[in-house]
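Asker: Below are the structure tokens for one structure; questions will follow.
The values are calculated or read from the model by the stated rules, or taken from the named source; none is laboratory data. In this text the structure is predicted, and so the values were computed from the model without any measurement. Here the Cβ positions follow ideal geometry from the backbone for every residue, glycine too, while neighbour counts run over all protein chains shown. Calculation scope for accessible area: heavy atoms of the full protein, side chains included, ligands and nucleic acids excluded. Shrake-Rupley method; radii C 1.70, N 1.55, O 1.52, S 1.80 Å.
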Amino acid sequence: MAADRIKNLLRKRWLWVAVPVALVSLAMIFIAQYRSLRTLEQTLPAYRRETMSQYLKEVTYNVVEIYSKNSERVLAVPPSAITFVKPGIVANNADGSACQQAVAPVAAFFKQQEFAGAKRYFVAVVTERNSGSGGEILFYDPAKQTMVFDPKAPEMRAINVAMAPYFVYIRAGAMIMLSSNAVDRDPNTRLLVKPIVNQEKNVIAIAGLVLDPKWFEEQAVPPVIHDNLKKFFPTEFNDAVVVVQYGDFMKEENPKEGWRVFSTDPTVKGFMPELKWRFDFGFRHYALGIAMRSENAAQWARRYFIFNLSLTIIGALSLLATLYLGLRTATREMKLLQMKTDFVANVSHELRTPLASIRVFGEMLKLGRVKDQEKMREYGGYIETQGRRLTQVINNILDFSRIESGKKEYNFGPADARELIADAIEATKGRANQSGHAIRFSQPDKAVPAISVDFESMSLALTNLLDNAMKYSGEAKEIEIRLEQKDGFVRMAVTDHGIGIPREEQKKIFEKFYRVSTGLVHDVKGSGLGLSIVQHIVEAHGGRITVESEAGQGSTFTIHLPVQEERGTTNEEKGSFVVPPSGGFPANAGTTN
Ligand code: ADP
């Protein structure tokens, strides 16, 4: 059977085009996806590294910007704030008061500046009393709001070293860059300085500030780190850990206590940055490091690859499934179409055969050729049987169309199963006599409970079973009907000893239009509707139909109907009532659709 179906499928030419086209396109999509994912897998780590590197550069650049912008502003001391005796030279005396006097207005300028990143402001000038590479440093004193000498200040040494070249420029009247500069060779004193120049662009003094590292670590850097994380890693910023290190950052490990001054996640211990970048402009001993918390870039790319490949495979599989389902539906539709075509041919045949006999026997009677009373009765009998047969075929078709359109109605009432069987036997008796079939009904020993049925429909169902038993019995002419009650069901079984039904066909024979297409069945005409109608009728009664059969041995079709529940009437047995032998029914018949 499976081989037959495959052969049938292969015969359909459109499949030869559609299936390979679908499979090839699927394969192409799959290969393209696989290749792009592979490339992605290879480029992603590089891409991610590049992103991390860009991130580090951006953060450090932003921090430099904070400092350079502020220093440009707070160190922009106007040259007019200092009184010079000659360009670049300030008056001085032994106690330094003349020098202090000359730079006094600078204090007013510093007073207006607000930059939390600065610890102290100062100004450096060359005076008449200085020689060689020397000069004077005056700090801004916020308490007194004046410029003061502070030779013991811890920053003095670093400032002096930083200013030495500038003093040389001042003496030489050099023209130098106007912008501010960072001097951070001494990790304890980090400075930002800006030349003060006259109109001729000659440097005449220096304004400077001492940086506050605490402000850098706690106020300047953290917000920049966080802001940029969201910009550079919009989806995985939680995965990134960024640290600020202090010390010998180029070494892989720096066990010195406190070397990590900031971390986006202080709970992560023993964590080594994948990439580092040095801060500059005043904070060159600090570095910024970044790493991904869970995995490195290669692992991440692998996971990304596997995830996307799985998606692709699932997509391809569901496409295949859709293709398969589509094909199946199409073949089913085509099969149904074929079965409908066969049905028309089969039904016409079923109608034509009895009609032909009726016409022939009718004509013979009309022409008065038959004189013998016995023969006349016989021919009359034929006509009646064929008439009944026609009625049954037409009833089946009408029933089927009602079932299909959902208009079939059932009028339920209590009935005696024996009467149902007797009615069905009566309906098929004529045919049985003519074809030489013997229908034997084994009566049960005990009374059988009444069942609630639509008498006409159930009788039609039984008649269909009897009719099939005769049609498919071949040479074995014995047919039995058995009636019994078991497990709350009344069972009516019709057994023949005919051609039987192969196991794999036994489910399908209940489908509409379906006919077994192998073996002897070819010779027997039928519509393929009978069993589908029987099944519908039986199920509408809350029952079911089963078949036991073996090819060549015969078949037994059994209708199982539930015993009617007691509804408080005068009945003998609990849970069921018994039809009295007279055949009178209890008065609790209900009508249902
Ligand atoms: P049909 O009009 O073809 O008899 P049915 O729906 O009554 O339609 O039956 C469907 C198919 O089931 C039949 O074509 C036949 O192949 C198979 N079949 C039904 N009853 C019997 C039986 N008693 N023995 C063998 N085959 C049967």
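Asker: Considering only residues that are charged (D, E, K, R) and assigned to a helix (DSSP H, G or I), which ones fall in segment 457-488?
Answerer: 467, 471
Asker: Any residue at all in segment 384-400 that's small (Gly, Ala, Ser), within 24 Å of residue 427 (Cα to Cα) and out of contact with any Pro (no Cβ under 9 Å at 6 or more places or on another chain)?
Answerer: Taking segment 384-400 and keeping what is small (Gly, Ala, Ser), we get 387.
After this cut, where a residue has to be within 24 Å of residue 427 (Cα to Cα) as well, the list is 387.
Of the ones still in play, those that are also out of contact with any Pro (no Cβ under 9 Å at 6 or more places or on another chain) are none.
So far as segment 384-400 goes, no, none of its residues is small (Gly, Ala, Ser), within 24 Å of residue 427 (Cα to Cα) and out of contact with any Pro (no Cβ under 9 Å at 6 or more places or on another chain).
Asker: Condition first: in contact with a strand residue (DSSP E or B) (Cβ under 6 Å, 6 or more places away or on another chain) and either more than 8 Å from the ligand (Cβ to nearest atom) or on the phi < 0 side of the Ramachandran plot (or both). Now tell me which residues in segment 497-519 satisfy that.
Answerer: The answer is 497, 498, 501, 506.
Asker: Go through (1) assigned to a helix (DSSP H, G or I); (2) within 49 Å of the chain's Cα centre (by Cα) for residue 287 and report which single condition fails.
Answerer: (1)
Asker: Continuing with this model, one more query. Take the residues in segment 85-98 that are over 17 Å from residue 168 (Cα atoms) and in a loop (DSSP other than H, G, I, E, B), then tell me which one is most open to solvent (accessible area, probe 1.4 Å).
Answerer: Filtering first and then ranking leaves 95.
A quick yes/no check of all residues on (1) within 19 Å of residue 532 (Cα to Cα); (2) open to solvent by 90 Å² or more (accessible area, probe 1.4 Å):
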position	(1), (2)
299	no, yes
306	no, no
336	yes, no
361	no, no
374	no, yes
385	no, no
392	yes, no
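Asker: I need the full set of residues from segment 215-236 which are closer than 30 Å to residue 138 by Cα and surrounded by fewer than 13 Cβ atoms within 10 Å (Cβ to Cβ), in order please.
Answerer: Selection gives 218 alone.
Asker: Of the residues in segment 465-476, how many are modelled with pLDDT of 90 or more and more than 8 Å from the ligand (Cβ to nearest atom)?
Answerer: Of the residues in segment 465-476, 2 are modelled with pLDDT of 90 or more and more than 8 Å from the ligand (Cβ to nearest atom).
Asker: Right, here's the next one. Among 158, 102, which is of a type in the set (A, V, I, L, M, F, W, C), open to solvent by less than 60 Å² (accessible area, probe 1.4 Å), closer than 20 Å to residue 78 by Cβ and in a helix (DSSP H, G or I)?
Answerer: After ruling out the rest, the residue left standing is 102.
Asker: Would you point out which residue out of 440, 482, 431 is within 16 Å of the ligand (Cβ to nearest atom), without any contact (Cβ under 8 Å) to a residue 60 or more places away in the chain and over 30 Å from residue 383 (Cβ atoms)?
Answerer: 482 is the lone residue from the list that is within 16 Å of the ligand (Cβ to nearest atom), without any contact (Cβ under 8 Å) to a residue 60 or more places away in the chain and over 30 Å from residue 383 (Cβ atoms).
Asker: For residue 131, all conditions in the list (1) modelled with pLDDT of 95 or more; (2) not in a helix (DSSP H, G or I) hold save one; what is the number of the exception?
Answerer: Here residue 131 clears every test but (1).
Asker: Related question: Which one of these does residue 525 not meet: (1) touching a residue at least 60 places away in the same chain (Cβ under 8 Å); (2) open to solvent by less than 20 Å² (accessible area, probe 1.4 Å)?
Answerer: (2)
Asker: Given 429, 446, which one is part of a helix (DSSP H, G or I) and not polar (S, T, N, Q)?
Answerer: Answer to the check: 429.
Asker: Now a separate question. From the set of residues in segment 528-541 that are near the ligand (Cβ under 9 Å from one of its atoms) and part of a loop (DSSP other than H, G, I, E, B), which is surrounded by the fewest Cβ atoms within 10 Å (Cβ to Cβ)?
Answerer: Filtering first and then ranking leaves 528.
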